[in-house]
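Reviewing the structure listed below.
The values are calculated or read from the model by the stated rules, or taken from the named source; none is laboratory data. Please read all numbers here as calculations on a predicted model, not as lab measurements. Neighbour counts run over all protein chains shown; Cβ positions are idealised from the backbone, glycine included.
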Amino acid sequence: MARGLVLVVLGVVGSVFSVFGQESAQTLRSFGVGWIVLDIAQLNEALQTQGYPALAEALFMWGGGNTALPSGVLGEYSLIVSNWYGSTAVQRDDKLTRFTLMWFGGIAEHPLPQIALMPWELRAGLAVGVGVSNLTVLDHRPASFSEALRSPAATFFTRWFFTVGPQLSASFPVITFEKSHALLLTLSAGYVLTFDNGFWDQEGRALKGPPANFNGWIVQLSVGLR
């Protein structure tokens with residue numbers, strides 16, 4: 001219920017304030033890629049104990065964001081609605097481990113003093129949102145559809161969590177267009193803190209299991225149009 005309420009609030013905020021973004025030259029629409037480094041050593045230990053291949057701790061992600069509340073509406077602060085997705089799979093013989101991570105939330109940013117003789121735009125931000133992770137393990141590969149029904153091979157787990165994390169961004173105008181529009185290259189780095197009860201959901205049944213959280217360092221490189 002709480003997760004759904006957070007998603008609704010974020011969606012409403014993005015929709016309501018999008019009208020400000022449409023009227024401001026400071027709106028930004030971006031797409032990028034990134035990596036999040038997770039401490040999933042305990043999860044990998046549990047997987048390997050049961051004969052499944054371990055996952056890489058650095059997960060490649062991609063996504064984008066849109067300015068929902070531009071700078072000037074609430075002082076120098078701006079609000080960006082963003083979503084990210086990542087997936088990785090490791091196979092050994094017939095056994096397979098697949099892990100996906102999705103995140104949706106808002107990022108409040110404030111500009112920092114610009115460095116002399118440097119064209120970079122520096123911003124400090126705080127990201128708050130909701131994430132969901134999916135874990136799939138495949139024990140064997142059935143030879144036919146009927147065999148797959150008779151002897152299911154895969155187990156699927158889901159785990160929700162809340163996130164909050166500080167980040168620092170630096171944007172560089174690659175190309176400047178008329179009317180103050182520009183193509184920006186942005187590099188962001190931050191740390192993600194996650195909060196959940198540590199339970200995986202397997203078709204409505206809560207199962208306690210590692211990792212303790214999905215905290216991690218995240219680095220993103222994106223291209224945006226302002």
Subset tally (residues that are closer than 21 Å to Gly32 by Cα and free of Cβ contacts under 8 Å to residues at least 60 places away in the same chain) for segment 178-187: 4
Residues of segment 1-45 that turn out to be part of a helix (DSSP H, G or I) and either surrounded by fewer than 15 Cβ atoms within 10 Å (Cβ to Cβ) or modelled with pLDDT of 50 or more (or both), as a count: 18
Lone qualifier among Gly131, Gly209, Gly198 - being in contact (Cβ under 8 Å) with a residue 12 or more places away in the chain and either within 23 Å of Trp62 (Cβ to Cβ) or among the aliphatic types (A, V, I, L, M) (or both): Gly131
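Go through Ser133, Ser171, Ser151, Ser144 for me and flag whichever is within 16 Å of Ser30 (Cα to Cα) and among the small types (Gly, Ala, Ser). Walk me through it before giving the result.
Working: Ser133 fails: within 16 Å of Ser30 (Cα to Cα); Ser151 fails: within 16 Å of Ser30 (Cα to Cα); Ser144 fails: within 16 Å of Ser30 (Cα to Cα).
On inspection, the qualifying residue turns out to be Ser171.
For segment 102-118, give me each residue that is within 19 Å of Glu76 (Cα to Cα) and not acidic (Asp, Glu).
We begin by selecting, within segment 102-118, every residue within 19 Å of Glu76 (Cα to Cα); these are 106-115.
Within segment 102-118, Gly106, Ile107, Ala108, His110, Pro111, Leu112, Pro113, Gln114, Ile115 meet the criteria.
Condition test on Thr194, is it buried (at least 17 other Cβ atoms within 10 Å of the Cβ) and not aliphatic (A, V, I, L, M)? It would help to see each step written out before you state the result.
On the way: buried (at least 17 other Cβ atoms within 10 Å of the Cβ): yes; not aliphatic (A, V, I, L, M): yes.
In short, yes.
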Any strands (runs of 3 or more DSSP E) falling wholly within segment 46-151 and containing at least 2 residues that are under 22 Å from Glu203 (Cβ atoms): 77-92, 95-111, 121-138
